[in-house]
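Just so it is clear, none of the values below were taken in a lab; they were calculated from the coordinates. Only a predicted model underlies this, so the values are computations on that prediction, with no experimental measurement involved. Cβ sites come from the backbone with ideal geometry, for glycine too, and all protein chains shown count toward neighbours.
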Amino acid sequence: MSRETESNREEVLLPEDVAVLRGEMYAKIGEALSLGVFTQGEARQWKSGFEACTQASHMENLIDIIDDFVNSGLEVISQGEDLLNTDLLNQADKHYWQRHLEEVSFSEKNRIIRSLKSLISDIRKLKDNLIKILDNSAIETSDKDNFITDFKSQEVSQKEGIIKSAKKHQSQALERQREKSKQTKEPKKARLNAETATTEPVASPEQTQLQTRYQSIVNEFIASNRFQAARKFLDQRKQTFSSGQYKQLSLLIDTEEIKATQNYLQKAA
């Protein structure tokens, strides 16, 4: 076909041909609306652009490129769904962000995705801080679970308040533990000395050497603030020590952990 013939074909748009192209274009726009990719405003812009075309080739080009826009929109929606699939946001916050993603244009969707990523990153840091605060033997397990549950259920604006409450609770728990340790330390020490003197056998030179070596390792764990590791190491070698020595080392680990936590709270305040 000559260029002149093609040009004549472009200039003559038969109503039935336009109707077919319009039906195909409007179907794609409708699908984009139903998927949440287009807003009503974006759908109207695409329809207006199509109706403004005076050549069949322009209409066909629009039909071809709309698929790229729909695919890009679906990728953004998928990103939003992945971000919202988290326990860092409660249902109210998820609904808020989901509604905004559905209502705004493509460019605004991308902006919201960036904001949502930043928000979730900040909340994750808050949760890590909360877990660090609660990772202390002075706090009851049930209290730890309650704080974690509250953190998950609260809206974003309330989550920092949970952190502050946890710090206060930790400080109070440590103070109670310190007072309890202070009240029982001297009587327990006297009782342990008496028990050691009357009931515990004399250790052999080999056992004494092991006791010294293991106690040194426990002290190294304490010095590096690895209190859980110190307890585990001591428990695994409990038979090496007399009951009095074991209890004294256990008490030492507890006391040093309290001091380390209090220092952390003072620095964090």
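One table, with the values for the structure above:
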| item | result |
| --- | --- |
| Rough spin-label spacing in nm, given labels placed 7 Å along Cα→Cβ, for GLU175 and ASN71 | 6.4 nm |
| Per-residue ³J(HN,Hα) for segment 223-231, Karplus 6.51 cos²θ - 1.76 cosθ + 1.60, θ = phi - 60°, Hz, x for Gly and Pro | 4, 9, 6, 9, 6, 5, 5, 5, 5 |
| Interatomic Cα distance distribution for segment 5-126, bins of 5 angstrom, percent | 2, 10, 19, 17, 13, 10, 8, 7, 5, 4, 2, 2, 1, 0 |
| Segment 19-95-segment 215-263 distance, computed between alpha-carbon centres (Å) | 63 Å |
| The chain - convex hull of alpha carbons, volume per residue in Å³ | 203 Å³ |
